[in-house]
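> So that we are looking at the same thing, I have put the structure below in structure tokens.
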Amino acid sequence: MSASGGSKAIIAALGANLAIAVGKFIAFIFSGSSSMLAESVHSVADSGNQALLLLGGRKAKKEASDEHPFGYGRERYIYGFLVSIVLFTIGGVFALYEGYEKIKHPHQIDSWYWPVGVLVFAIIAETISFRTAIKESNEVRASLTWTQFVRRAKAPELPIVLLEDLGALVGLILALFGVGAAIATGNGVWDGIGTLCIGVLLVVIAIVLAAETKSLLLGESADPAEREKIRDALVDGETVTGIIHMRTLHLGPDELLVAAKVAVQHDDTAAEVARAIDAAEERIRESVPSARVIYLEPDVYRSAVSASSS
């Protein structure tokens, strides 16, 4: 994924959510619908989340320092994890509480045309935002399925925006169902049920996001295809005859660390080994451009100490 981190999708989602949040709050004021209040808070939380993603992308561009010699690429993972927390607490938990209160103390919806009109507008706006996220994701996900893309993407922004937009669309449909059922039956309990469903949806999405971003924060290796390219680039068959063991780690979405112990001939000179290592580093960077930090240690191959690479 490019260093931009899906900025177009983030900005599109931010604009849509800000406009939708205003409309939902107005509809809540006129109708008193708990579904509209929950959706209003959801849109505000989503707007804050997109602002966090943009901030994380900006902070990740800071130059490396003595205190942080590998740079600040993981800022994007940290802010992605914060998004899941915000979505869980402000979005999901609030909606669950509001739904419970509405079921416990139901009341009819006033001025029904306000929530219905705003929800229809919001569905259209979120659909446009979702299409933008899908379009940007299709440019980088290659042959991966959508589930694989969300689970394997090293840049957190696009999977987060995709899940947020998907959750927003489903949440709007649930809100429309709850409001519609409450209007049709005259029973405000349906509005509360719709709000509870929105809360459950947001909590589930937040848990998925938290699990994926936690994995990125802990440190993930390169994809299998990239690891294979690195292995092929390392060995030249002359001076570097094999790989004793190899480790890879994403320092950020667009920066990969490669550390390997490589096998050389026991009678090679130091100058020959140095030239071979320099050439191997060039081949790796040409094959996998994101491999920016490379440490190679030459050793005489001994099968007893060899280990699987990752």
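The values are calculated or read from the model by the stated rules, or taken from the named source; none is laboratory data. Keep in mind the model is a prediction, meaning the values are calculated, not measured. Neighbour counts are summed over all protein chains in view; Cβ atoms, including those assigned to glycine, are modelled from backbone coordinates with ideal geometry. Keep in mind that these areas ignore ligands, DNA and RNA; they rest on the heavy atoms of the full protein, side chains included. Shrake-Rupley method; radii C 1.70, N 1.55, O 1.52, S 1.80 Å.
> Filter the range 250-274 for residues that are of a type in the set (Val, Ile, Thr) and surrounded by 19 or more Cβ atoms within 10 Å (Cβ to Cβ) and give the result.
Scanning the range 250-274 gives Val258, Val262, Val264.
> Oh, and also: Identify the residue in the range 94-126 that is loosely packed, with under 15 Cβ neighbours inside 10 Å and among the β-branched types (Val, Ile, Thr) and, among all such residues, is nearest to Leu162 (Cα to Cα).
Checked the range 94-126; the qualifying residue nearest to Leu162 (Cα to Cα) is Ile124.
> Of the numbered conditions (1) at pLDDT below 90; (2) closer than 27 Å to Ala181 by Cβ, Val120 satisfies every one except a single condition; which is it?
Tallying (1) at pLDDT below 90; (2) closer than 27 Å to Ala181 by Cβ, Val120 fails exactly one: (1).
> Working only within the range 195-233, note down all residues that are open to solvent by 60 Å² or more (accessible area, probe 1.4 Å), touching a helix residue (DSSP H, G or I) at 6+ places or on another chain (Cβ under 6 Å) and of a type in the set (A, V, I, L, M).
The answer is none; no residue qualifies.
> Take the residues of the range 25-73 that are in contact with a Ser or Thr (Cβ under 6 Å, 6 or more places away or on another chain) and hydroxyl-bearing (Ser, Thr, Tyr): which is surrounded by the fewest Cβ atoms within 10 Å (Cβ to Cβ)?
It comes out as Ser31.
> Something else about it: Residue check, Trp112 against (1) under 19 Å from the mean Cα position of the chain (by Cα); (2) over 23 Å from Gly48 (Cβ atoms); (3) aromatic (Phe, Trp, Tyr), all met but one. Which one?
(1)
> So the check is Cβ under 8 Å with 6+ separation or different chains; which pairs have a first residue in the range 34-50 that's more than 11 Å from Ala13 (Cα to Cα) and a second one that's of a type in the set (S, T, N, Q) and assigned to a helix (DSSP H, G or I)?
Hits for this filter: Ser34/Thr195; Ser35/Thr195; Leu37/Thr195; Ala38/Thr195; Val44/Asn17.
> Sticking with this structure for a sec: Restricting to the range 181-194, and then to whatever is part of a helix (DSSP H, G or I) and open to solvent by 30 Å² or more (accessible area, probe 1.4 Å), can you tell me which residue is nearest to Gly73 (Cα to Cα)? Can you show your working first?
Narrowing the range 181-194 to residues part of a helix (DSSP H, G or I): 181-185, 189-194.
Narrowing further to those that are open to solvent by 30 Å² or more (accessible area, probe 1.4 Å): 183-185, 189-190, 193.
Details: Ile183: 50, Ala184: 52, Thr185: 53, Val189: 47, Trp190: 46, Ile193: 42 Å.
The qualifying residue nearest to Gly73 (Cα to Cα) is Ile193.
> Quick one: what pairs do we get from the range 262-289, first residue acidic (Asp, Glu), second in a strand (DSSP E or B), C-beta under 8 Å, 6+ apart or different chains?
So the pair list comes out as Glu281/Ile294; Glu281/Leu296.
> I'm trying to understand the selection: among the residues of the range 151-173, which are open to solvent by less than 10 Å² (accessible area, probe 1.4 Å) and either of a type in the set (Lys, Arg) or part of a loop (DSSP other than H, G, I, E, B) (or both)?
Within the range 151-173, Ala155, Pro156 meet the criteria.
> Could you give every pair whose Cβ atoms fall below 7 Å, whose first residue belongs to the range 63-87 and is farther than 19 Å from Asp46 by Cα and at pLDDT below 90, and whose second residue is among the acidic types (Asp, Glu) and not in a loop (DSSP other than H, G, I, E, B), counting only separations of at least 6 or pairs across chains?
Final answer for the pair search is Gly71/Glu255; Gly73/Glu255.
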